[in-house]
Each structure stands twice: as C-alpha cells, then as structure tokens.
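These notes are about the structure you will find just below.
The values are calculated or read from the model by the stated rules, or taken from the named source; none is laboratory data. What you are looking at is a predicted structure, and each value in this text was computed from that prediction instead of being measured. Reconstructed Cβ throughout: ideal geometry from the backbone, glycine too, with neighbour counts over all protein chains shown.
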Amino acid sequence: MEGINAKYVSQKISKTRWRPVSSSSLQQPDIFATGSWDNEDNKISLWSIGDNGVSGMDDEFEGDPQLVCEYKHNGDVMDLQFLDQDRIVTASSTGAVTIFRHNHNNQTLSVPQLWERAHHYPCGKAPCTGVVCNSPEIVTVGEDGRIILFRSDQEGVTRTIENADSSTIHAVTFLRTTEILTVNSIGQLKLWDFRQRSNEPSQILSLTGDRVPLHCVDRHPNQQHIVATGGQDGMLCIWDVRQGKMPFSLMEAHSAEMWEVHFHPSNPDHLFSCSEDGSLLHWETSSNSDTPSFLQGGRNASITSRSAIAPAGGNQSLISAWLTGDSGKGRLETTHMLPSQTLSVNSLDVLGQCLVCGTDGEAIYVNRLVPI
Amino acid sequence: NIQNQMCMLNNTFIFSNKYCDILLVRGCPFVHEVRKDEDICSPILRKLFNESHHIFVGLQGIRDDLPSKNKKTQFVSISKNYRSVIRACMEELQQVAGKVEGKSDGSNRKSSWRVSILLAVELIWNLCEVLFIDAAPAGSLLLHLLDWVRLHKADVDEKARDVLQSESPTEHQAYWDVVISYVLQGRMDEARQVLMKQAALQPAARGMFKLLDNLLIKMPIFNPSGAQTLTEFDVKWRHWHEEVDRCLQDQSFASNPHLEVICKILVGDEDVLLEHKELLSTWYHFLVTRLLFSHPIVKPTELHYYAQSSMHMFLDTRSVPEPLDSILLAAFEFDIHQVIKDCSIALNNWWFVAHLTDLMDHCKLLQSHNLHFGSNLREFLLLEYASGLFTHHSLWQLAVDYFDHCPEFGRVYLELQIERVPLDTERKALKVLRICEQRQMTEQVRSICKIMAKGALRNNRLGSALSWSIRAKDAAFATLISERFLQDYCANGAFSDLDLIDNLGSAMLLSDRLTFLGKYREFHRLYGEKCFSDAAKLLLSLMTAKIAPRTFWMTLLTDALPLLEQKEVIFSADQTHELMFCLEDLTSGNCLPKPDRWFPFLFQDEDIDTTKIEILRLALARNLAKAIVKEGTVEV
C-alpha cells in the first residue's frame, strides 16, 4: 500500500472533492477542496498536491497536500461540489447554500452568492444535507424534506418542491439533465422529473423488508439506468431504475453506515465506497477475464454477492457487469485502500488515478496510484 | 448561544456555553472569556492528539501471546512513534513562533512556551524509553544515554557549521568550543575532523596533534552486537585510559593548553569538565560525559548514585532544582511512579502521563498500585485525559476509544458523557448512535432517538420521527406517531405523507397502532383499486382481530357502508353476522364509549350517532338478506 500517507489537518473532514480537470487534457487532478464539520469555526480549504508553484517548505513526501487557501464557513459543511473550475457550492448545517469563488491570481476565496435560509423549518434551522450541480443549475436537499432548484446566475430560487419527503433526504444526484434521484431515511429511492409541474415523484423504489435509511447514491457514468446506493447497514445496492421496484443486487460491504459511494468517472468497472467503520473499499468488476480471482495478487477480500432477482432478458452485451446477478458469471473483487483502521471515513473522491479521502481522525489521505 | 448555567460569586457573574465560560465582574468594563484547557484548542496540538490516538489504538491491539522479545521491539518502535509525533508538533510550533516574532501579543510567548514544554516532554519520554522500555543493560546503556544527550543538544552541529563555513575556521572564536563539545558528546570522528584544520596550520606541532588524534581514534566503544564481552571491553578501556593518563603525566600537551584540556577531559577529570559548564549546559549532559570517561560500563542500578552526585556537583547548591530536574532524577532512580506523579503535577494536560503510563503498563513495568478509588493508575490517568477530551467540541470522538480501553470505569464514564454531546444535525446524531449501538448502550440509544424523534415531530417531519423510533425499537413512540397520522386523517379526511404509510414494510410490526395504520391505509388502497372483496375482508379482520382500537370502530363501520350499499353482494352472510356482532358490541351495555382523548370530536353529537347506527343497522340487514339469497341460490 505505497503512495498513501495521512496528513493531519486539525479539523474533522466531512467532504473532499477534486477540482475537475478539463476533459481535453490528460492531466491528473492536482487541487482538491475539503470541508470541515463539528468545529467552532468550520472552514472550506483548497489543497494542492502538484508542484505548480504552491509547494510548502518541507515536502517530506512527494505529493504531500499543501494548503492553498481557506475560508470560514458558517455551520458544518454537509456537502460540497465544484460548480466549475473556479466555483464551489456548499451545503451547510444552518440550511444555507453558499457559492465560493477561487481567485487564481491571489489564491483567495470569496463568497459571491449565498442563499441563507434555503432550507428551514417554520421556526428554526434545518440542515441542508446534499447538493449536486450541473452548471448553472444547482439542486439541494435537506432535513426539511424540501428539494430546491437554483441557478447560479440568478438571485432567487428557481423552484421548490415543498414536502417532497416526510423524512430526511440524505443525498441527491442527477439521473438525466432534467431528472434527479434522491434517497431518504426510510430507505426509498425517488425519481423526480423537473419537466413535470406536479410535486410528486415520478417513481419510487425501495427495498422490501427493513426500511434501512439510505445515505448515498451515485449514477453509473455511461449507463444512466444503473445506480448504486449505500445505507445505514453498510450494504451496497445496485439498482436498475428502468425495471422493478427493488434493487438488482445487494452486497455486504461495511459493518457500519456507508457515507459515500462513487463510480469511477472514466472507468466505471470500478466503484469506491467509504464508511463509518473506517474502511474505504475499492470494488472492481469484470466479466471478461478468464483468470479466477484467487490467482490474482494483492489483498482481496472475498465478499458475498446476493442478487435479488435474476437479470432480465435482453441483449447480453448491453448488460453492464454490475448487473450480473450471478456471482459465478461476473467477478467482483474488493480491496481495502487504507493501511489501517481509522475513525470514520466521511468522504472520498476519485478522478483519474487519484483518490482523496477525509476522516474523523482529522486526516486526509491521498493516493495518486490507484490501480485502474 | 448562552445556555442556562449561571452562577454568582460576590460581584462576579459566570455564564457558560458549550465552548467556554464568560466572566462578568460588576464594575469592570471588560468581559472575560475563560477557557479551562487552552492547549486543547490549539490547532497544532490537535494534530498531536489525533496522531497519538492512532498510535494508542494500535498499541491496544498488540496481542499478548507474542514472545516477549518481539513485543519489546514493538514497544520500542511505538515509543519512537510517539516521540516522532511530539517532535513534528514541536517543529511546527517553532515555525509558527518564528513567523510571529514581530507581534507583540501573547501568541508568540505562548508558542515558545509550548515548544519548551514539548521539548521537556520529549526529553523525559526519551529517557524513559532508554531506561524502562528498552531497558538497556550495562555497556549499551551508556551508548543509549549518549544518543539521548546528542539528540537534545543539537546546537553543536549548528555552531560547527558556522565555524567551518567561515573564512578561517581556526580563527573563529567558537572553534575550540566546537571541538570540546564534540569530545564531551563522545563524537570523536567529528572532533578529529575539526582538529585537522588546526593541525594543518601548525606543522611544527604535528607530533602533538598526531598523538591526540591517535588517542581519539583508539578510544574503545562498546559494540553490543559484537563478539566482545563486557569484561574484555573493560580491560581494553582501562589500557586506553592508562595510556591517556601517561600522556598527561608526560606533559606531552604542555605547550598547547587547548589540547591539554582535551586530554584531561579524556581522562575524566571532573574539575575540568565542570569548567565547561556552559558547553555542557545541563547536569545530565555532565552526568553522561562523566560516565563516558570514567565508568563506561555503568550498570543501570548504579545510575542513581552518579546522577545524584552529578546534579549536586553541577548545580549551584543554593538554587532550587527545577521540576524537570527532579523528574529526571526520579527516572535515573528507576522510580517510575515518582516520575509519573511529578509529571502530573508539573504539566497542565494529562496527555503525556496518560500515554506514557499506558505504554509502560503494556510493558508490565507498573506494579498494580491500587489507588483508593478502585481503579489502577493507568486507568485513572486515561479517564482523566479522555474526560478532558470530551469537553472539546470536536475531539470527543477520540475520547470514546480511550474509554473503551479502561475496563473498570470506562463504560460508565462513556455512558454519562455521550449523552451530553450536542446533536445539531442528523448526521452527528447517527454517529453518536453508532457509537452507542456498538457498545450495547441501549438506554442511551433510546434517549438519543427519542430526542431526535421529538424534534422531528415538533417540525412536523413524521417520516423522520418514525425512522428514529424504528431505530430505537421504541414502540411507544411509534404509537404516538401513528395516533398523529390518524388524527390528521380524521381532521382532513385524507392521509398525509402517503409515501411513508404506503411503504412501511416490516416496520409496521413495531407497534399495534402502526400496524393498524398500515392496514387501514391498505384498505383504502384496495377500495381505490376496486378490489372490494379483499377490502371487505381486510376491514372485517381489523375489527375481529382486535387490531383496530375500539374508538375507531365507528369510523370503520362507517367505511363499510358504501360496501354494504353496493348492488353486488360483497360481504357474505357470515361476514355480515360478524359486522352486526361488532356493532352490537360497540353499542351495547355501556352505550357509546367514553369520548376518547384522541377522537373527542367523534362523539360530540348523540343524535348524529343514533342516526348513523340506524343507517348501519338497516344496511347490514339489507345486505344480510341479499347475501342469504345469493348463497342459497343454486344454479340449475
């Protein structure tokens, strides 16, 4: 497990995100943003791991993250996304949604826009729990069960779906340009279509049996009907939103809440998940290789893969490896990415060959050689 | 956000919020912010707490069944890890202190004060590692002590660099100081290198320099992994010592006072050593140098005698020994408990003593020293440290692991403290809950879930409230929530939050009322989908299986009306009999049930109810007739 070291940063990290690299260049990402939580003064910070002139005084390890700039943040940083190369949107535990702008010349952050009480209760603050953007549109969800649509170039709110959910909405992601997916604390996956005027979800999917709260959701980058979710019991569920109301396969992943799940953006046979139990797993699937998994090197943990239903008929070539319910046909390997047990890993992000994650042990781990 | 605590002392008012206390003194225009433990708030020291927590948890995981030799190496490396963490923090603090030198406020003073505390702490820890954890025997003991001294007297190298980089090193005023300092630390090779510069400039005195050089090279150094035994080394050393003495007696270095001084040092002349107090700067340096040149095979048990005498010789007899001195002396006397006790008194934070004691306890160095409140020393210190961590708004998560490894009182402390963590967001509540659930603290789980559920209910988030009661398996609260739903239904005629009720799943079984709610909603759905016979069956079962509360039966019977009035026969004869039975049950004897506190409006008007009952009776009778006819008909 070379190439991964802890950097202690004196703040519990709730979110980390890579700054997007332009699709034309083949560069590896070099800047990431972090948000802190549970501090008197929370901050968002920008860090650099490249050597583009922002290196510190003692780089003991190559790629030791160096602080570029930071800015005070009101309330815990509940979610953080890059809107574009210069701007970051954050969701706060005070219910505010803030846009930060990074000024490259003097390496500072400023706040051009702030929606202060975006999420609220009739009397009191409601934390905003998730934010997702597709520039210039921003969608946020919160503990008040609202879904709010903003535009970064407009002052006010574009659209609010009041009482979208009677429980807390934990995460949101774009399915298509006009459709979003939300997950809530009674274990439901809801599809919303913004083209419809009604405030009802167009589809509701859930696991039968126990209503386990779901905490994170991510969509397959190429095949838009495949969605992965993780919840309170640490199970990884793969869903096909086109068919059925139940997940396609369930896999035991972690022994505690799964906080984030991400498909690799350019190589979606790889999936990453992190959890309250302090582990970060790298899932790799492929259905073409002939080599059985036990002949491969490295530290792999064998996992049980339980499929809920057999794969529906249809073109074999179009079915992604993730939807291969039978574990005999497909091959799934998991690897622990962190060297030892830590406190909860709250967030991870992966881009190219670089992985960054933040923990409750006030440490950031960066791995620049993820085997993809 | 000032919370409620306030107390008055004479003319002083004290308010406290979760971070600090605010002091207002009558007549004084200032507001004072008082914090209990300042160190915990320093961002650089936070790294110390987090990294050492990581090492601590790793240490607890070392298995007991490993052979003791392997364990010792592991413990030594863990000790080195702790020390490197301290050093890293110290260096960072020094950097910060350097940057703010211009500032006149107290922050610079605080940083440099913290640096000196950390320096002292690392010094003590290093000595404890050498003497207790590594437990070096005679021979290698001195080598370790030399390393210890060299590590903590790093300014020699700096001075040497200055001297050697100047235009004419031999003219530099610190030249001889550097040479002598190297000799005092036993670094003969470096000393010789610097001496060579002088030797090159004085060809006439070449013989003298060669002689000294020879003595320096030939000084025996014990090799612990070598084949040479201690006795052999001793013999060799004595020979060398005699040779040096002879050179002195022969006056070989008489013409050069500097070289003579060096020679006297080599022979172990204590008066000469004491003449170089500024170069030695500390009594323990003096101790180690003294041992190097007089008793290199000192045994651990003999150390304390030399330590005491060195301290007395070096220090001014009038001055009071500093706390650091008495701690080091206690260490040389192998009195671990005294070391811990003195450190606890001298330092304002339990971090150092807690971790050091824990490590030494793992090395089985502490006798089970039962303190009078039951737990042992290690546990007491860890509990104090962890309790301090719990007062911090962010570091409380670290404290949990420390409590876990205190077998006697850790759990109780944790139970008391974990309930006081403020729960601002659901995510934080989930983390706290996970901690409680992993340790089977059911009472705390229940109380936290109840707090969150009540909060959700107040904000009308019924789904959230329900998910919290499911987590706590709190049937009573689930009943409360269901009553709320039913209330809404009776008030509005329709269900709110259908997405929740329709998808209750197995959570329905948590409380009877919740089951009823789910089934009742199912009835409505079946009715909406026109599956009338299924709906009828369900409705009946709700009453006969006693799932529905009696107070709701009237509503259910009223719901049955449209089914009874259908042209097609839905309720069979038997079912109609059952319905009639239910109605009679409801209206017989004690007339109508007393107004329920949840459904008071159901029984407001007696007239309406009598009419309703009449209508029901009529409908039931008609349906019974139709049913009997239908069932009696035989197809020909």
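A few points about this structure:
- Residue count for the range B:185-194, restricted to those that are outside any helix (DSSP H, G or I) and surrounded by fewer than 20 Cβ atoms within 10 Å (Cβ to Cβ): 1.
- Checked against the criteria, A:SER166 counts as part of a loop (DSSP other than H, G, I, E, B), small (Gly, Ala, Ser) and surrounded by 17 or more Cβ atoms within 10 Å (Cβ to Cβ).
- Pairing each residue of the range A:93-105 that is under 19 Å from A:PRO20 (Cβ atoms) with any residue that is of a type in the set (Lys, Arg), provided the two are 6+ apart or on different chains, yields C-beta distances under 7 Å for A:ILE99/A:ARG87; A:PHE100/A:ARG87; A:ARG101/A:ARG87.
- Some residue of the range B:391-398 being at pLDDT below 90 and in contact with a helix residue (DSSP H, G or I) (Cβ under 6 Å, 6 or more places away or on another chain): yes
- Qualifying residues in the range A:318-371 (those that are in a loop (DSSP other than H, G, I, E, B), at pLDDT 80 or above and more than 14 Å from every other protein chain (Cβ to nearest Cβ)) - the one surrounded by the fewest Cβ atoms within 10 Å (Cβ to Cβ): A:PRO371
- Matching entry among B:LEU457, B:LEU517, B:LEU430 (being closer than 22 Å to A:GLU257 by Cβ and free of Cβ contacts under 8 Å to residues at least 60 places away in the same chain): B:LEU430
- Condition met for B:TYR182 (buried (at least 17 other Cβ atoms within 10 Å of the Cβ), hydroxyl-bearing (Ser, Thr, Tyr), free of Cβ contacts under 8 Å to residues at least 60 places away in the same chain and over 27 Å from B:ALA120 (Cα atoms)): no
- Complete set of residues in the range B:541-568 that are surrounded by fewer than 20 Cβ atoms within 10 Å (Cβ to Cβ) and farther than 22 Å from B:ALA494 by Cβ: B:SER541, B:THR544, B:ALA545, B:LYS546, B:ARG550, B:GLN566, B:LYS567, B:GLU568
- Among the residues making up the range A:14-46, those that are within 14 Å of chain B (Cβ to nearest Cβ) and more than 15 Å from A:LEU355 (Cα to Cα) are A:SER14, A:GLY35, A:SER36, A:TRP37, A:ASP38, A:ASN39, A:GLU40, A:ASP41, A:ASN42, A:LYS43, A:SER45.
- Selection of the range A:215-246 for residues being out of contact with any Pro (no Cβ under 6 Å at 6 or more places or on another chain) and within 14 Å of another protein chain (Cβ to nearest Cβ) yields A:HIS215, A:CYS216, A:GLY230, A:ASP233, A:GLY234, A:LYS245, A:MET246.
- Residue within the range B:323-344 that is modelled with pLDDT under 85 and either surrounded by fewer than 21 Cβ atoms within 10 Å (Cβ to Cβ) or assigned to a helix (DSSP H, G or I) (or both) present: no
- Unique residue being touching a residue at least 24 places away in the same chain (Cβ under 8 Å) and either farther than 26 Å from A:PRO265 by Cβ or away from chain B (no Cβ under 14 Å) (or both) when the list is A:VAL183, A:VAL212: A:VAL212
- Residue in the range B:48-72 that is nearest to the other protein chains (Cβ to nearest Cβ), counting only those that are among the β-branched types (Val, Ile, Thr) and in a helix (DSSP H, G or I): B:VAL57
- Here B:THR515, B:THR479 are screened, and the one residue that is within 42 Å of the chain's Cα centre (by Cα), under 24 Å from B:ASP559 (Cβ atoms) and not hydrophobic (A, V, I, L, M, F, W, C) is B:THR479.
- Qualifying residue in the range B:309-318 (condition: surrounded by fewer than 17 Cβ atoms within 10 Å (Cβ to Cβ), in contact (Cβ under 8 Å) with a residue 40 or more places away in the chain and not in a loop (DSSP other than H, G, I, E, B)): yes
- Within the range B:279-303, the set of residues being more than 42 Å from the chain's Cα centre (by Cα) and not hydrophobic (A, V, I, L, M, F, W, C) comprises B:ARG290, B:SER294, B:HIS295, B:PRO296.
- Among all positions in the range B:262-273, there is at least one residue which is crowded, with 19+ Cβ neighbours inside 10 Å, charged (D, E, K, R) and modelled with pLDDT of 90 or more.
- Count of the range A:133-147 residues, restricted to those that are part of a strand (DSSP E or B) and either within 14 Å of chain B (Cβ to nearest Cβ) or over 19 Å from the mean Cα position of the chain (by Cα) (or both), is 3.
- Filtered residues of the range A:253-288 (kept if assigned to a strand (DSSP E or B) and touching a Gly at 6+ places or on another chain (Cβ under 7 Å)): A:MET258, A:VAL261, A:SER273, A:SER275, A:THR285
- Scanning the range B:401-436 for residues that are closer than 29 Å to B:ALA465 by Cβ and either among the hydroxyl-bearing types (Ser, Thr, Tyr) or at the interface with chain A (Cβ under 9 Å from one of its Cβ atoms) (or both) returns B:ASP424, B:THR425, B:GLU426, B:ARG427, B:LYS428, B:LEU430, B:LYS431, B:ARG434.
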